[in-house]
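This report concerns only the one structure given below.
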Amino acid sequence: MTPGPAGSSTASSSAAEPHGGLATAASGPAGPSTASSSAAEPHGGLATGGLATGHSSAAEPHGGLATGGLATGHSSAEESTGLLLWQVTNRWQAAQRAALKPYGLTHVQFVLLASLTYLQAAEAPAPVTQRRLADHAATDPMMTSQVLRALEARGLLTRDPHPHDARARTLSVTPEGRSLANAAVAAAEACDAAFFAPLTAAGAAFAEALRLLRAGG
């Protein structure tokens, strides 16, 4: 696995939040109110104190509302792109955790250590700062700092004052850290290869779609 926004891996030391209420078995009260186009044409059941729905009749229920279920625009959970991404991401993160366990690294520790090893070589002689590393891995700056301190305590990297910016820290991977990162990346990339194998020829298009989403569309 080439370190990137997955650090997402971030996935990561912490799990992603469920997509809305789709991952739960029950929903709360009725869905959001919508404004009527005119006072003479009340929206759905509004005139009788009923559901503030955008449908003109009960013949057009919104997802599971007719049966007291979730106020979703999907007729099936299988149609929710967000839920599918949540489910697949959880499976992928579980596979990565298992692959990295023999190396004593959490997923986010691996992403940051591997990213630092990559950036230090790719951008030399420029120093790698904590901010640069967090940007590359797409990780929260505060969480990044906490993880880096844990890796520093293990002798896998060093954190030193920046030569020109008193507010910044420069990072350097140690020989032990580089050795561990290179051993772990082989396991992580083998895990990726097995996990994404079902995509076969669609793998390149899938990766391009991820890059599009990473860029914000």
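The values are calculated or read from the model by the stated rules, or taken from the named source; none is laboratory data. Everything quoted here is computed from the prediction, not taken from an experiment. Here the Cβ positions follow ideal geometry from the backbone for every residue, glycine too, while neighbour counts run over all protein chains shown.
Some notes on this structure:
- Some residue of the stretch 186-200 being at pLDDT below 95 and either polar (S, T, N, Q) or out of contact with any helix residue (DSSP H, G or I) (no Cβ under 8 Å at 6 or more places or on another chain) (or both): yes
- Taking the numbered list (1) over 18 Å from the mean Cα position of the chain (by Cα); (2) at positive phi in turn, ALA138 passes all entries but (1).
- Among the residues here, ALA122 does not qualify as touching an Asp or Glu at 6+ places or on another chain (Cβ under 9 Å) and aliphatic (A, V, I, L, M).
- Residue within the stretch 164-174 that is buried (at least 19 other Cβ atoms within 10 Å of the Cβ) and touching a residue at least 60 places away in the same chain (Cβ under 8 Å) present: yes
- Here the stretch 88-127 is the region considered, the condition is being modelled with pLDDT under 95 and exposed (fewer than 11 other Cβ atoms within 10 Å of the Cβ), and the residue that is nearest to ALA138 (Cα to Cα) is ALA124.
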